Structures are given as C-alpha cells and as structure tokens.
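So the structure is just underneath, and the comments pick up after that.
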Amino acid sequence: MISLFQIAYKNLFRKKARSLLTLGGIALSSWVLVSLLGFNHGYEEALNRDIGNLGYQLMVMAKGCPYEAATLMLQGGGGLRYMDPALVETVRREPEVEGITPILMQAYFDPNKGENGGIAGYFGVDPATFPAMKPFLRFERGAWFSDNDAEEVVMGHEAAELEQRSVGDLTLVPEKNVPLKVVGILERTGTQDDGTIFLPLGRLQKIAGTPSITTIGIRTRPGMDLAALEARLYRLPDVQVVSFTQVRQTILKLIATARVMVLSIALIATLIAMIGVVNTILMSVLERLQEIGILKTMGAMPLDVFLLVWTETLILCTCGALAGVAAALGLARVTDGLARQVLPYAPRGGLVDIDARQVLLTVAIIVSVGLLSGLYPAWKAGRVKPLDTIRGES
C-alpha cells in the first residue's frame with residue numbers, strides 16, 4: 001500500500017524545476033544559519049584557546065607600554081618603557097597569585113631579514129618560572145636554557161624555519177653582534193610562540209644593557225577575585241594591568257557587529273526561502289484542485305488532504321535543511337577563510353566549528369518555520385469543495 005510520504009514525494013516531482021529551485025533556497029538559508037552557529041562556537045573556542053595558551057591571566061606592564069612596544073616593533077628604536085624588577089617580588093606576595101614570570105622584550109633591526117630588512121623580536125624569559133607557566137610547550141629538538149645567563153636561545157618552530165636554524169647552530173643578535181647557540185626548537189603550537197625567539201632573561205638584560213623588565217605575567221589561583229587583585233595592582237606606581245578576560249570581552253564585542261550582520265542575512269535568507277515554500281506548495285495546490293476534489297469525492301477527509309499537502313512541505317524543508325548542512329560542513333574551510341578576511345582579529349585554529357547540536361538546531365528551525373509556512377496552502381487544500389472543483393469554479 002502506497003504511503004502518504006510516497007504520494008507527497010511524487011507530487012513534488014511533478015514540477016521538478018520549481019521544487020529544486022525552492023530546495024536550493026532552503027538549502028542556502030540552512031547553510032548560512034548553521035555556518036553562523038558554527039562560527040559563534042568556533043570563534044569563542046579558538047579565542048579561549050589562544051588566551052589559555054598564554055599561560056597566565058594577567059599582565060603587568062609599564063604605562064603606555066603597548067603603544068611604545070608597537071613603535072618599537074615598527075621602527076626598531078628605543079622609547080620602550082621599563083619596570084623596576086623589584087615589582088616582581090611585590091606582585092608575588094599578593095594572595096591571589098599562584099605564579100609569576102618576568103619578561104623582557106627587545107627588538108633589533110635585522111638587515112638580512114626579507115628584501116629590505118626587518119625587525120627581529122626577542123623575549124627574555126626566566127628559565128625557573130617561564131616553562132612552568134607554559135607546560136604545553138614541547139620541544140621538537142633540544143631543551144630549555146642551562147641557566148639564566150647562558151649564551152643560548154630557544155626558537156619557535158616558524159622562527160627556526162625562517163632562519164633555517166637547527167640545534168647546535170649559532171645565531172647572531174642583530175645590531176649587537178652577539179652570537180648565541182640554539183639549544184632548543186619548539187614544536188609548532190599554532191600560537192604567537194611559533195615565531196618567537198626566547199633568551200635567558202639575564203642574558204638579554206646584559207645584551208640590552210638594562211637590568212629592567214617590560215612585563216610580568218601572572219597566573220592566579222582558581223576561584224580567586226581577579227577584580228580585587230587588579231584594583232590593588234593598579235595602585236602600583238607607573239604600571240598598567242592587562243586582564244585577558246577583559247581582552248576576550250573586548251574582542252568578542254568587536255566581532256559582535258559582524259555577527260549581527262551575518263544573523264540578519266541568515267534571517268533574510270530564511271524569510272525568502274519560506275516565501276518560496278509558500279509559493280511552491282500553493283501553486284501545487286492550485287494546479288491540482290480537480291484532483292483534490294476527486295480525492296474528496298472518493299472519501300478523503302479535509303484532514304487527509306491537509307496532511308498530504310503538509311507532508312510535501314515537510315519533505316521539501318527537511319531535504320533543503322540537510323542539503324544546506326552538508327554544504328556548510330563541506331565548505332567550512334572556505335567559510336573560515338572568508339571570515340578571516342573581514343574580521344579585525346582572528347585567533348588561530350578553526351573559526352567555524354559545526355557540531356551535532358548546531359546541526360539539529362538548524363534543521364529544527366528550518367523545518368519548524370517551513371511547516372508554519374505550509375499551513376496556509378494545506379488549509380486551503382483541505383477546504384476545497386469537490387463539486388466546485390469538478391465544475392471548475394474554484
């Protein structure tokens with residue numbers, strides 16, 4: 001015995017071109033919607049991963065330091081403000097602090113970098129505290145420095161590839177002409193550490209001719225009141241505090257505008273697709289009035305006709321939603337690349353992460369809205385009067 005779904009399926013394929021065009025519109029709206037949901041999830045995950053890979057939740061630096069650091073990176077010159085290393089012990093005594101690590105950042109102009117030269121950045125880190133802050137850093141070859149004054153460097157994966165260095169090679173600090181031995185090369189992490197050259201803090205302070213530091217990284221104890229700690233740190237003279245929770249919120253606010261725009265596009269696409277559903281099903285009903293009249297003459301009740309037409313809507317929306325989800329999954333990398341072109345900041349890793357929950361939510365939304373759109377054509381079909389249709393008066 002032929003089922004309701006089989007009849008509805010055959011009815012849709014009477015006008016293949018019209019049904020396929022409607023299916024395409026539904027698939028497009030489904031693609032945009034599930035990609036947006038996947039982007040929301042993927043972006044936050046990637047951003048949290050980026051911040052988590054920093055190894056600490058707070059940074060203390062000299063006032064104006066970020067802007068001067070940018071100047072230094074662009075011009076390779078001085079002007080970078082430093083902090084008194086005595087602040088390290090002051091910060092360490094705070095009860096919320098679980099661990100700290102002092103950092104000195106320096107940059108020198110390397111005439112052999114690129115076609116016209118470039119800036120080489122160096123991070124002086126404390127071998128006693130920095131590796132513990134970033135236990136996820138693993139070595140492709142070699143290990144960390146032997147002591148805080150060793151004439152050694154550890155290179156990130158990309159930095160070693162760019163300079164074509166291996167463990168045991170010598171590398172020269174530009175401008176200072178100080179040779180240092182490469183003792184370790186890190187595995188690729190997908191973070192900014194890949195392009196970093198690490199030196200022992202004491203050695204870089206001697207090369208730079210300063211006993212100062214530029215940054216203190218702070219890892220806090222779980223469950224502590226970060227706001228209270230930040231308030232106390234702000235009372236220290238000539239320093240500013242950067243909270244990565246605030247950084248995360250700021251970045252999320254920056255992309256909120258882009259998300260609203262994409263959501264608007266998804267809603268418009270869904271609306272257009274549903275208008276297409278109404279048009280397709282209603283046209284199908286109007287073309288089959290006599291057929292529906294004959295069905296009723298043979299004993300079909302209004303509810304039977306209503307369910308038949310509504311089933312056609314269900315098949316159309318479900319197939320379109322699944323096709324859109326399949327397209328979104330298959331083209332996730334393309335969507336990822338397009339998003340990176342327009343975003344002010346894109347963390348490393350995949351930006352579009354579509355999981356089963358988002359797939360089910362998208363299909364549920366598309367099918368629910370589609371069924372609502374199909375109510376009027378189905379209701380109109382159920383109200384057809386057999387005698388009027390046979391006489392051709394409906």
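The values are calculated or read from the model by the stated rules, or taken from the named source; none is laboratory data. Note that this is a predicted model, so its numbers are computed, not measured. Reconstructed Cβ throughout: ideal geometry from the backbone, glycine too, with neighbour counts over all protein chains shown. We work out accessible area using only protein heavy atoms, side chains counted, and drop any ligands, DNA or RNA first. Shrake-Rupley method; radii C 1.70, N 1.55, O 1.52, S 1.80 Å.
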*Would you mind estimating how fast the range 88-222 diffuses translationally, via Stokes-Einstein at 37 °C and 0.692 mPa s with the Kirkwood radius over Cα pairs, in µm²/s?*
213
_Can you list residues from other chains, or at least 5 along the same chain, whose modelled amide H is less than 5 Å from the amide H of Arg141?_
Ile185
_With angles folded into 0 to 90 degrees, how steeply does helix 302-330 sit against the dominant principal axis of the chain? Use alpha carbons for both and round to 10._
30
*Leaving ligands, DNA and RNA out of it, work out the accessible area of Lys253 with a 1.4 Å probe and give it in Å² to the nearest 10.*
150
_Alpha carbon convex hull of the range 99-177, volume per residue in cubic angstrom_ = 105
*Just the number, please: carbon plus sulfur as a percent of the accessible area of the chain, 1.4 Å probe, no ligands or DNA/RNA counted.*
62
*For the range 246-394, what is the Kirkwood hydrodynamic radius in Å, using each pair of distinct C-alpha atoms?*
18.3
*Provide the solvent-accessible area of His41, counting protein heavy atoms only and rolling a 1.4 Å probe, rounded to the nearest 10 Å².*
50
*Could you state the number of Å between the C-alpha centres of the range 200-232 and the range 154-192?*
24
_Separation of the Ala128 and Asp225 label points, Cα + 7 Å toward Cβ, nm_ = 3.2
*asked:* Give me the dipole magnitude in Debye, nearest 20, for the chain about the Cα centre, with unit charges on the beta carbon: positive for Lys and Arg, negative for Asp and Glu.
replied: 1800
*If you add up the charges near Phe39, with Lys and Arg at +1 and Asp and Glu at -1, over every other residue whose beta carbon is less than 14 angstrom from its beta carbon, what do you get?*
-2
*Mind jotting down the three principal axis lengths of the chain based on Cα atoms? Whole angstrom, largest first.*
102, 46, 37
_Using a 1.4 Å probe on the protein heavy atoms only, what accessible surface does Asp336 show? Give it in Å² to the nearest 10._
20
*asked:* Order Thr250, Thr22 by their accessible area, 1.4 angstrom probe, all chains in place, largest first.
replied: Thr250, Thr22
_Cα-based helix-to-principal-axis angle, 332-342 vs the chain, degrees rounded to 10_ = 60
*Angle between the Cα long axis of helix 65-75 and the longest principal axis of the chain, 0 to 90 degrees, nearest 10?*
80
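Over the Cα atoms of the range 265-348, compute the convex hull volume and normalise it per residue, giving Å³.
116
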